[in-house]
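Asker: Take a look at this one; I'll ask things after.
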Amino acid sequence: MAAYATRVRTWAGPQFATMTPWVISTPSQYRPGGPPALTSARYATDFNETKLIGNISSTVRTSDQTIYSWFWAQSTASYLWNHAADVLLERRARGDDDEQEGRFDEHRR
């Protein structure tokens, strides 16, 4: 139980750090098993399904699945940084790249 108590976040409240769980025997009883072996048939099936559905030009992915993937991708750091770079490059290509605008040191003076 001590291991469980050390993992409780401080936002949960100090009283929960030492509390015994009410309904479950241990917090670890619901942890899933590890991933399948890289050489297993299950891994190969899952990998091929991911390649098939995740392909940018997938013909088997539904439109709903595409929308869901956009939603989840928008919360990743790489998406946010790539989007910021795209916006800056588009502004530069349009000629909207004002010399004074966007320079942080100019605004501090």
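Asker: Label-point separation (nm) for Ser25 and Arg94, each offset 7 Å from Cα along Cα-to-Cβ?
Answerer: Roughly 6.2 nm, to one decimal.
Asker: First measure r as the distance between the Cβ atoms of Thr45 and Ala77, then evaluate 1/(1 + (r/R0)^6) with R0 = 35 Å and state the FRET efficiency to the nearest 0.05.
Answerer: Calculated transfer efficiency: 0.70.
Values in this text are rule-based calculations from the coordinates and carry no lab data. What you see is a predicted model, and the numbers here were worked out from it, not measured in a lab. Because the Cβ atoms are built from the backbone with ideal geometry, glycine has one as well, and the counts that use them run over all protein chains shown.
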